[in-house]
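I'd like to ask you about the structure that follows.
The values are calculated or read from the model by the stated rules, or taken from the named source; none is laboratory data. Bear in mind that the values here come from a model prediction, so they are computed numbers and not experimental data. Don't worry about glycine lacking a Cβ; one is built from the backbone with ideal geometry, like all the others, and counts go over all protein chains shown.
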Amino acid sequence: MANSSRAGAVRKLKKGPTIGTGGHGRKSLEGKGPTPKADERPYHKAFKSRQLADRSAAKRGAESPASRGRAGRNGPKGRATEEMVTGRNSVVEALRAGIPAKALYVAARIEMDERVRESLKLAADRGIPLMEAHKPELDRMTEDAVHQGLVLQIPPYEYQDAVDFAQETMTKWKKGYISNAPLFVALDGITDPRNLGAIIRSVSAFSGHAVVVPERRSVGVTASAWKTSAGAAVRVPVAKAPNLNRALAAFKDMGIFVLGLDGDGDVSLPGLTLAAEPICIVVGSEGKGLSRLVRENCDQIVSIPIDSAMESLNASMAVGISLYEISRQRSANV
């Protein structure tokens, strides 16, 4: 050390890494890996919120709302999970409509108004469990939707199998257990839940037996569909077909006539001669209409006479008109 401070002295450095570094330079370049999520960092407020949610769920013996919020509306392999209806207006309307509900979550120290009071009363009258939750818990379970302190948990709808249900209905009809010939409505490419709800309502009004929806690229029974059906979804089952074309082919093998609704049909609705037979009406979306393969699987394409200035009818309206005419013809033939 004395030599190093002397004027003109030169410190000799050894080549290679300094003893004891252990390659720290290389490790510093590698970094510490991806940053953990907020709810996985003990010092973050999201971590405490998640702990609170997990403890609350543990007390109820149920899955934590935090994990439900992360899972979203679809579980493993696309299976539907619970739907969350959020907001005071939406919740009270859903309860008024009698939508099946699993639980009503209410924010702690919520500011009461008429909608909250009515929601609590309707839930209590129907025996729906009331759960108190803190705002972070409600934010997480609704994926930060505007909930206003009210969240209604809707269980997933239990769909019938389309082919099995059609076979059971045909068997009951042949044995005389039901008087009307089987009548189904199948949806091809319809994605608006309000259309589904209105169609369910029409099927119920005109003694139909079920609505059939494809498994993919199609609307399902949501809270919105329940509300639009005005309670008819309780009476009319919705059946699901993994492949709509295969289901329609199976219907035809059972003796069910498949009728597609389209503007340039082979038969005009008033001239329909198959009304008294087992029928499945197929309706497509207002814009695209029936898909090519579905159209090829139909026994007849039926059109509804309308003013030439009107391009097409809404799907639910077309179904309602067709079901009315079929019901009228069936009543006239009795």
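Here are ALA276, ALA250, ALA230, ALA225: which of them is outside any strand (DSSP E or B) and at pLDDT 95 or above?
Numbers: ALA276 fails: at pLDDT 95 or above; ALA230 fails: at pLDDT 95 or above; ALA225 fails: at pLDDT 95 or above.
After applying the criteria, what remains is ALA250.
Is it true that some residue in the range 145-162 is farther than 22 Å from THR86 by Cβ, touching a helix residue (DSSP H, G or I) at 6+ places or on another chain (Cβ under 7 Å) and either modelled with pLDDT of 90 or more or in the same structural domain as ARG246 (by TED's automatic domain parsing) (or both)?
Taking the range 145-162 and keeping what is farther than 22 Å from THR86 by Cβ, we get 158-162.
Restricting the remaining residues to those that are touching a helix residue (DSSP H, G or I) at 6+ places or on another chain (Cβ under 7 Å) gives 162.
Checking the rest, the ones that are also either modelled with pLDDT of 90 or more or in the same structural domain as ARG246 (by TED's automatic domain parsing) (or both) come to 162.
Within the range 145-162 (the criterion being farther than 22 Å from THR86 by Cβ, touching a helix residue (DSSP H, G or I) at 6+ places or on another chain (Cβ under 7 Å) and either modelled with pLDDT of 90 or more or in the same structural domain as ARG246 (by TED's automatic domain parsing) (or both)), the answer is yes, since at least one residue qualifies.
Can you spot a residue in the range 141-160 that is assigned to a helix (DSSP H, G or I) and in contact (Cβ under 8 Å) with a residue 60 or more places away in the chain? Lay out the reasoning, then the answer.
From the range 141-160, those assigned to a helix (DSSP H, G or I) are 141; that's our starting set.
Subset that is in contact (Cβ under 8 Å) with a residue 60 or more places away in the chain: 141.
Checking the range 141-160: at least one residue is assigned to a helix (DSSP H, G or I) and in contact (Cβ under 8 Å) with a residue 60 or more places away in the chain.
Name, by its number, the condition in (1) closer than 22 Å to PRO156 by Cβ; (2) out of contact with any Ser or Thr (no Cβ under 7 Å at 6 or more places or on another chain); (3) modelled with pLDDT of 90 or more; (4) not hydrophobic (A, V, I, L, M, F, W, C) that does not hold for ARG201.
Every condition holds for ARG201 apart from (2).
Specify which of the listed residues (ALA232, ALA241, ALA249) is touching a residue at least 60 places away in the same chain (Cβ under 8 Å) and over 21 Å from LEU313 (Cα atoms). Outline the logic, then answer.
Details: ALA232 fails: touching a residue at least 60 places away in the same chain (Cβ under 8 Å); ALA249 fails: touching a residue at least 60 places away in the same chain (Cβ under 8 Å).
When all the criteria are applied, what remains is ALA241.
Kindly indicate which of TYR157, TYR177, TYR105 is of a type in the set (Phe, Trp, Tyr) and more than 30 Å from ILE326 (Cβ to Cβ). Please lay out each step first, then the result.
On the way: TYR157 fails: more than 30 Å from ILE326 (Cβ to Cβ); TYR177 fails: more than 30 Å from ILE326 (Cβ to Cβ).
On inspection, the qualifying residue turns out to be TYR105.
Follow-up question, since we're still on this one. Please state which one of ASP144, ASP188 is loosely packed, with under 14 Cβ neighbours inside 10 Å and either more than 26 Å from the chain's Cα centre (by Cα) or more than 21 Å from ALA230 (Cα to Cα) (or both). Before the answer, list the steps.
Working: ASP188 fails: loosely packed, with under 14 Cβ neighbours inside 10 Å.
Residue meeting the stated conditions: ASP144.
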